[in-house]
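First comes the structure, then the notes that go with it.
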Amino acid sequence: MRKSRSILMVLLSIFVSVLLLTACGNSNSATEPAVSEENIEKSLYTVTFYDMDGSTELSKEEVKENELVSEYTPNKDSFRFMGWYATPSLTHKYDFSTPVTADMELFAGFLEDKEDTRSFAIVGSGKSPVLVTSNWGTVIDDNHILTKEPDENVYSISLDLYEGDEFQLATNTSWFNQRGAGYLTTSSKDGVEYFSGSANNYQSSEAKKANIKCLKSGNYTLKLTTYPGADVYDTENSEYTEATKENFNSNPYDTIEWVYNGEPKDAIAEVTTSYYIKSSITTGWNDVYEDEYRFKEIDGLPALTIQLTEKEEFLFTSTVKSGDTESVGNEYVKFSNIKDENSLEFVEGSPSDNIIAKAAGMYTFIYDPATKELTVSFKTK
């Protein structure tokens, strides 16, 4: 009996010892240091800085993943440094607050520091007295010329602009060196949109030559800053010639800034708007401002009755007249102006929002400028 008890005590001692060893082992593993992100070696990426030619290497920097590359200013005799760009075309400035996640290249923006000897004018159309007389640059006089600051390539003009007015800046009536919406530094201030163009990104190349459209009536000061040493030319354009090269001029650094000075200073000019059809067949897509294509007033609203062929595509353009001056308008009437269900029985829309006649016959169009709605009626004879 004693022997059995002794064996039992030995077995119990062994069991307790095993439990204690196991517990100690678990305690040690729990105190081992965890692997942190700081102990994981980060990848290294190479940032290569190039001159504006896109091939001459200026420097290199190795940057750890998700860290920032250091900005520096290179020197180049007789040139001004304008910043680092993410593309060799110098269209998008690099944001140095962006973490580096791959090898990349940056391109220096340099320009030759030279005086601009050109004269710039505002060209456009609308209700502004200055733009009415401009008629998109047909007339350029002292009222349209921007004032150049002494010893600086900065041009400015102050004028009244009205909602719907459109304009650009150019050097002559041929629109050489035109500067449009793509040169605006901003289109809004304090949450209010003052201008628009044909593109949301005002620094994109597509917007460079887009008209600037005024969205809020008022008196404005426009300021154009130029860097002629960086002018570039679209020599790949099929219409490019040495004689007309300034039509294909652009600049990655030129800017148009503006200040809203408050309400218009002068009373709005008395403007009369006329509407004309522009058609694939009737006018051959030409602007023909002749009486037979013009809307006449019927019961107080502009109306036009005209013969059209089946599937003829068209829209309506406008002119504005102030005093003895008549110029091309900015208002267009298209398929989206038709809201009346009965009118939609006779016409359909094109992908570009033009209007298409469903059948050959006599059409009558009535337009309400106040509501911007167009109605259509139709007769086969």
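The values are calculated or read from the model by the stated rules, or taken from the named source; none is laboratory data. Remember, predicted model here, so these are calculated numbers, not experimental data. In this analysis, Cβ positions are derived from the backbone assuming ideal geometry, glycine residues included, and neighbour counts consider all displayed protein chains.
Results, tabulated for the structure shown:
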| read-out | value |
| --- | --- |
| Complete set of residues in the range 307-328 that are surrounded by 15 or more Cβ atoms within 10 Å (Cβ to Cβ) and within 20 Å of residue 358 (Cα to Cα) | 308, 312, 313, 314, 315, 316 |
| Cβ pairs under 7 Å, 6+ apart, first in the range 252-268 and within 16 Å of residue 218 (Cβ to Cβ) and touching a residue at least 24 places away in the same chain (Cβ under 8 Å), second of a type in the set (Val, Ile, Thr) and assigned to a loop (DSSP other than H, G, I, E, B) | 257/185 |
| Which listed residue, of 105, 62, is in contact (Cβ under 8 Å) with a residue 24 or more places away in the chain and not assigned by TED's automatic domain parsing to the domain that holds residue 222 | 105 |
| Residue check for residue 347: among the hydrophobic types (A, V, I, L, M, F, W, C), surrounded by 14 or more Cβ atoms within 10 Å (Cβ to Cβ) and within 19 Å of residue 127 (Cβ to Cβ) | no |
| Residue in the range 102-109 that is out of contact with any helix residue (DSSP H, G or I) (no Cβ under 8 Å at 6 or more places or on another chain), modelled with pLDDT under 55 and not hydrophobic (A, V, I, L, M, F, W, C) present | no |
| Residue that is farthest from residue 184 (Cα to Cα), among those in the range 237-267 that are in contact with a strand residue (DSSP E or B) (Cβ under 8 Å, 6 or more places away or on another chain) and of a type in the set (A, V, I, L, M) | 259 |
| All positions within the range 319-348 that are assigned to a strand (DSSP E or B), within 17 Å of residue 302 (Cα to Cα) and not charged (D, E, K, R) | 319, 320, 333 |
| Strands (runs of 3 or more DSSP E) wholly inside the range 234-309 that include at least 2 residues being within 30 Å of residue 83 (Cα to Cα) and in the same structural domain as residue 223 (by TED's automatic domain parsing) | 255-262 |
| Flag for residue 231 being among the acidic types (Asp, Glu) and surrounded by 15 or more Cβ atoms within 10 Å (Cβ to Cβ) | yes |
| Given (1) touching a Leu at 6+ places or on another chain (Cβ under 8 Å); (2) within 27 Å of residue 78 (Cα to Cα); (3) assigned to a loop (DSSP other than H, G, I, E, B), number of the condition residue 155 does not satisfy | (3) |
| Residue in the range 125-134 that is farther than 17 Å from residue 254 by Cβ, surrounded by fewer than 20 Cβ atoms within 10 Å (Cβ to Cβ) and free of Cβ contacts under 8 Å to residues at least 12 places away in the same chain present | no |
| Any hit, the range 297-305, residues being within 26 Å of residue 128 (Cα to Cα) and modelled with pLDDT under 95 | yes |
| Hits in the range 229-243 (condition: out of contact with any Lys or Arg (no Cβ under 6 Å at 6 or more places or on another chain) and in contact (Cβ under 8 Å) with a residue 60 or more places away in the chain) | 230 |
